[in-house]
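As structure tokens, the structure follows; a few thoughts come after it.
The values are calculated or read from the model by the stated rules, or taken from the named source; none is laboratory data. Only a predicted model underlies this, so the values are computations on that prediction, with no experimental measurement involved. Reconstructed Cβ throughout: ideal geometry from the backbone, glycine too, with neighbour counts over all protein chains shown. These area figures cover heavy atoms from the full protein model, side chains too; ligands, DNA and RNA do not enter into them. Shrake-Rupley method; radii C 1.70, N 1.55, O 1.52, S 1.80 Å.
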Amino acid sequence: MTTMHTATDAVTDPVQQTRDIEAGREGILTTARALGPLIREHAEEAERERRLAPEVIQALTEAGLFRLLLPRTLGGLEVDPITCSLAVEEIAGFDSAAAWAMQAGNTGAWWAARLPTEGVEEIYSGNPSALMSAAFHPPQQARETAGGYRVTGRGPLASTIHDAEWLFLTALVIEGERPRMVGDMPEVVGLVIRAREAEIVDTWYSLGMRGTDSNDVVISDVFVPASRSYPLVPEFEPNPHHRGPLYRFPGIGAVSLTVAPIALAVARNAITEVRGLVQRKTAFGFTRPLRERPTVQATLARAEAMLRAARLLWYDTLGSAWERTVAGTAHTPEQKADMLLAGTYAAATAAKVTDMMHRVAGTTGIYAGNPLERHFRDAETLRHHGFVSENRFEAVGQVYCGVPPEFGMVAF
């Protein structure tokens, strides 16, 4: 049983506070880097088995990397969003699937700010590193009953589901045969059930991100107590454990903390691979090695600039949002759209950069044993994630044009 801790006294000296943050961040990144050899050792196994090796799950757990966004009072590290993103990016440099598991370990802990105290303590007091898979869309059907809800449905993309203790779902509240309406919108709730209460359907035969165990789940009339439910709306009052500034950070930014940095790391690995390849390969029909060809040189330069620009936009936007959050300044709709833009642009640019590198490699990149083949598949899969797909550019543009966005999550 994990002992509850009280929050430490706040450091009022801003210089010392900055030093403490940087020291804590470097400690976490050093820990993440130390896992590299083990994660790389098991990367092919994860691809083959379509889930992470137990040794990798254990190592990430022992390193505390599933507790980055959990409150300190529940045994978490409660780090700032920039530190979380950098840690995910570091792990993704070794294996994108291992970094993806950090979503199950952290995103659920952040969203748990909306849960009642009883519910969040039930989930995390016994195991601060508890993994929470999620089937976010489409929403299930929930019927209100005494003490909670009964939920039924099927959801895809429940990542890390075989290793998860808990499963997060969204659901429409159904009355009779129709959704219950709140104003002109259907009522949607977030629900957390025990992972063992869902049936896992073996569907994860994917283009990329194969080691993420992102299978379908079927839920059949499962009771969810009210303590593990909350209205899925932008405004909420956090439970006592989640009173720190981290939990006032925009939701649309929090959900991308374990997506955008993985895409960036995949593209970085693709560039690194090609920079090595051009030193030793001469393409069919040419007498000069790739490194001496102007088109290859220019493509590498453009890819480098594109990736650095996308990464800078991501971390600059993340940093600005965090500064506003710590200062207690409300985020405007346009500033929330900026977060969505940064994550979406990171994923789209990473896919483009990886494709450029794959093209430079030619037939070298088509073989399953070549790292570029996997980088290409991973980047093409990541770009379709619902929170960073290129469809999200429309939502950002709608906000900028003063048009109500179709993608309602941009308001979170």
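The set of residues in the stretch 246-279 that are more than 20 Å from the chain's Cα centre (by Cα) and either at pLDDT below 95 or buried (at least 24 other Cβ atoms within 10 Å of the Cβ) (or both) comprises 270, 274.
To keep it simple, each residue is scored yes or no on (1) touching a residue at least 24 places away in the same chain (Cβ under 8 Å); (2) closer than 16 Å to residue 92 by Cβ; (3) open to solvent by 70 Å² or more (accessible area, probe 1.4 Å); (4) part of a loop (DSSP other than H, G, I, E, B).
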site: 362; (1), (2), (3), (4): yes, no, no, no
site: 368; (1), (2), (3), (4): no, no, yes, yes
site: 375; (1), (2), (3), (4): yes, yes, no, no
site: 380; (1), (2), (3), (4): yes, yes, no, no
site: 384; (1), (2), (3), (4): no, no, yes, yes
site: 395; (1), (2), (3), (4): yes, no, no, no
site: 398; (1), (2), (3), (4): no, no, no, no
site: 406; (1), (2), (3), (4): no, no, yes, yes
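Of all residues in the stretch 338-354, at least one satisfies being β-branched (Val, Ile, Thr), open to solvent by less than 10 Å² (accessible area, probe 1.4 Å) and in contact with a His (Cβ under 6 Å, 6 or more places away or on another chain).
Within the stretch 167-196, if we keep just the residues that are open to solvent by 50 Å² or more (accessible area, probe 1.4 Å) and under 24 Å from the mean Cα position of the chain (by Cα), the residue that is nearest to residue 223 (Cα to Cα) turns out to be 194. Every condition in (1) part of a helix (DSSP H, G or I); (2) at pLDDT 95 or above; (3) under 19 Å from the mean Cα position of the chain (by Cα) is met by residue 77 except one, and the failing one is (1). Listed by first and then second residue, the pairs linking a residue in the stretch 320-333 that is more than 17 Å from residue 411 (Cα to Cα) to a residue that is of a type outside the set (Val, Ile, Thr), with Cβ atoms under 7 Å apart and 6 or more places separating them unless they lie on different chains, are 326/245. For beta carbons closer than 9 Å, sequence separation of 6+ or different chains, a first residue in the stretch 87-102 that is charged (D, E, K, R) and a second that is outside any helix (DSSP H, G or I) and surrounded by fewer than 24 Cβ atoms within 10 Å (Cβ to Cβ), the qualifying pairs are 90/35.
Cβ separations smaller than 7 Å between residues 6+ apart or across chains give the following pairs from the stretch 223-239 residues that are under 13 Å from residue 191 (Cα atoms) and part of a loop (DSSP other than H, G, I, E, B) to residues that are of a type outside the set (Val, Ile, Thr) and open to solvent by less than 30 Å² (accessible area, probe 1.4 Å): 232/190.
Scanning the stretch 42-85 for residues that are farther than 24 Å from residue 157 by Cα, in contact with a helix residue (DSSP H, G or I) (Cβ under 7 Å, 6 or more places away or on another chain), among the hydrophobic types (A, V, I, L, M, F, W, C) and open to solvent by 10 Å² or more (accessible area, probe 1.4 Å) turns up 63, 79, 82.
For the criterion of being under 27 Å from residue 326 (Cα atoms) and either assigned to a helix (DSSP H, G or I) or not acidic (Asp, Glu) (or both), residue 129 passes.
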